[in-house]
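**Q** What follows is a structure written as structure tokens; I'll ask about it next.
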Amino acid sequence: MVSLATFTKDTVPVTDFDPYAEEVLIDPYPYYEQLREAGPVVLLERYGAYALGRHDEVHAVLSDAHTFCSGAGVGLTNFNTEKPWRKPSIILEADPPHHARTRKVVARVLSPASIGRLRETFEAEADALVDKIIQMGHFDAAKDFSEAYPLKVFADAVGLPAEGRENLLPYGDMVFNGFGPMNERFTSRLAKAEESVKWINNVCQRENLTPNGLGSDLYKAADAGEITHEEAGMLVRTLLSAGLDTTVFTLCNAMLCFAKYPDQYEVLRENPQLARQAIEEVIRFEPTFHSFYRTTTKPVEVAGIEMDANQKICVFVGSANRDPRRWTDPDKFDVSRKATGHIGFGTGIHGCAGQMMARLEGDILLRAFAKKVRSIELMGEPVRHYNNTVRGFKQIPARVVAL
């Protein structure tokens, strides 16, 4: 591992650390440890952004949307001074008071009461998928399991047509790459995304959605005058980028954790009711989000460091979730842990709007898995999916043994 070299300038540790380098994306945690120990605030010299790696500072910034806004973009690009490469999200990249109007509609559509009606269908699909991989024996825990389930149940719940769903993950990959620098990883995905973008724009139109899905519910809110019909289509698009890739990668990370730590899978297998708690620990231990940004709206002091207005701040969620100042044995995967307080879904008014859906899917699928599978074992080296913002896998060769 290359050392994260720092020097001090005007009381701020400065580093040439590149969080988007491939070696960092492979295993960021040693780098995160160095980042945290360098100080509560570190300047990323090559990007001109401050970096926060400790839990308390990350939590404080995410909780104060008035001082640290999202409307200037949640990526490295500053919408105040640079033209966005795409039309900003009207919920993720919007600030109060505009944010409250669209967030209220999405929160209602994705509320526990709303998505609770999906449980029976989700459970049936989970049982069928687990039975299928048991019959296969050897399978790809990324594509055959972690991708297959959300691409079926979530896309059905939104009301998408069955044909063309292969475009969903490439579209989300493009969006999340855009939260980082405009590097080769982003530009290559953008160059290949034309068909995916065209398909997404088409299926987000009301006439292409099933009448009783979550997407249709957003258009009903437009009928009631809460949002415009154009905004309804944009919010359906937001659901598709925010509610799919992250769930897929969370399930990938869960499968890999249970294969690597069979003692922890044994705890879950003996008590499948721990599935919800286990998902929370997966998100703490191996969060899907690598990092994202906020922008200061005024001069502010963070951990004794004075920052100007319009300053980009990178919050390292993965680092905060392993901060020993917050967690006991943070580098230990422990499904018995009460992981309350992790910020894998963010926090504050811009906390992930789809987190209840992700939790529902994870809880149901892991519970079905634990009830039917005795063990999961890796059968080869997992192949990482490289993205500027989210961490997951595109292949996890594995085998399962049934109970």
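The values are calculated or read from the model by the stated rules, or taken from the named source; none is laboratory data. Keep in mind that this is a model prediction, so the values were computed, not measured. Here the Cβ positions follow ideal geometry from the backbone for every residue, glycine too, while neighbour counts run over all protein chains shown. To get the accessible areas, we keep the full protein, side chains included, count just its heavy atoms, and leave off ligands, DNA and RNA. Shrake-Rupley method; radii C 1.70, N 1.55, O 1.52, S 1.80 Å.
**Q** Could you list all residues from the range 343-353 that are assigned to a loop (DSSP other than H, G, I, E, B) and surrounded by 22 or more Cβ atoms within 10 Å (Cβ to Cβ)? Explain how you work it out, then say what you get.
**A** At the first step, the residues of the range 343-353 found to be assigned to a loop (DSSP other than H, G, I, E, B) are 343-347, 351-353.
Within the range 343-353, Ile343, Gly344, Gly346, Ala353 meet the criteria.
**Q** Go over the candidates Asn177, Asn167, Asn208 one by one and state the one that is polar (S, T, N, Q) and open to solvent by 40 Å² or more (accessible area, probe 1.4 Å).
**A** Asn208 is the lone residue from the list that is polar (S, T, N, Q) and open to solvent by 40 Å² or more (accessible area, probe 1.4 Å).
**Q** In the set Thr81, Thr67, which member is of a type in the set (S, T, N, Q), in contact (Cβ under 8 Å) with a residue 40 or more places away in the chain and out of contact with any Ser or Thr (no Cβ under 9 Å at 6 or more places or on another chain)? Before you say what the answer is, go through the steps one by one.
**A** Working: Thr67 fails: out of contact with any Ser or Thr (no Cβ under 9 Å at 6 or more places or on another chain).
None of the others qualify; the one that does is Thr81.
**Q** Taking Phe139 as the residue in question, decide whether it is closer than 22 Å to Arg384 by Cβ, modelled with pLDDT of 95 or more, over 20 Å from the mean Cα position of the chain (by Cα) and not in a helix (DSSP H, G or I).
**A** Details: closer than 22 Å to Arg384 by Cβ: yes; modelled with pLDDT of 95 or more: yes; over 20 Å from the mean Cα position of the chain (by Cα): yes; not in a helix (DSSP H, G or I): yes.
Against the criterion (closer than 22 Å to Arg384 by Cβ, modelled with pLDDT of 95 or more, over 20 Å from the mean Cα position of the chain (by Cα) and not in a helix (DSSP H, G or I)), Phe139 qualifies.
**Q** Taking Val335 as meeting all but one of (1) hydrophobic (A, V, I, L, M, F, W, C); (2) more than 19 Å from the chain's Cα centre (by Cα); (3) at pLDDT below 95, write down the number of the exception.
**A** Val335 satisfies every listed condition except (3).
**Q** Considering only the range 347-369, how many residues are among the β-branched types (Val, Ile, Thr) and either touching a Leu at 6+ places or on another chain (Cβ under 6 Å) or farther than 22 Å from Ile134 by Cα (or both)?
**A** Summing the residues that are among the β-branched types (Val, Ile, Thr) and either touching a Leu at 6+ places or on another chain (Cβ under 6 Å) or farther than 22 Å from Ile134 by Cα (or both) in the range 347-369 gives 2.
**Q** Considering each residue of the range 180-197, count those that are open to solvent by 70 Å² or more (accessible area, probe 1.4 Å), part of a loop (DSSP other than H, G, I, E, B) and out of contact with any Ser or Thr (no Cβ under 8 Å at 6 or more places or on another chain), and give that number.
**A** Pass one, the range 180-197, residues open to solvent by 70 Å² or more (accessible area, probe 1.4 Å): 182, 184, 190-192, 194-195.
Subset that is part of a loop (DSSP other than H, G, I, E, B): 182, 192.
Pick out the ones that are also out of contact with any Ser or Thr (no Cβ under 8 Å at 6 or more places or on another chain) and you get 192.
Of the residues in the range 180-197, 1 are open to solvent by 70 Å² or more (accessible area, probe 1.4 Å), part of a loop (DSSP other than H, G, I, E, B) and out of contact with any Ser or Thr (no Cβ under 8 Å at 6 or more places or on another chain).
**Q** Let me ask something additional. Say whether the condition of being open to solvent by 10 Å² or more (accessible area, probe 1.4 Å), part of a helix (DSSP H, G or I) and over 26 Å from Phe289 (Cβ atoms) is met by at least one residue in the range 198-205.
**A** Yes: the range 198-205 contains one or more residues that are open to solvent by 10 Å² or more (accessible area, probe 1.4 Å), part of a helix (DSSP H, G or I) and over 26 Å from Phe289 (Cβ atoms).
**Q** State whether the residues of the range 375-397 include one that is modelled with pLDDT under 95, part of a loop (DSSP other than H, G, I, E, B), at negative phi and among the aliphatic types (A, V, I, L, M).
**A** No, the range 375-397 contains no residue that is modelled with pLDDT under 95, part of a loop (DSSP other than H, G, I, E, B), at negative phi and among the aliphatic types (A, V, I, L, M).
**Q** Out of the range 103-133, which residues are open to solvent by 40 Å² or more (accessible area, probe 1.4 Å) and under 14 Å from Leu366 (Cα atoms)?
**A** Arg119, Glu123, Ala124, Glu125, Asp127, Ala128, Asp131
**Q** What's the number of the condition Leu235 fails, among (1) free of Cβ contacts under 8 Å to residues at least 40 places away in the same chain; (2) touching a Leu at 6+ places or on another chain (Cβ under 6 Å)?
**A** (1)
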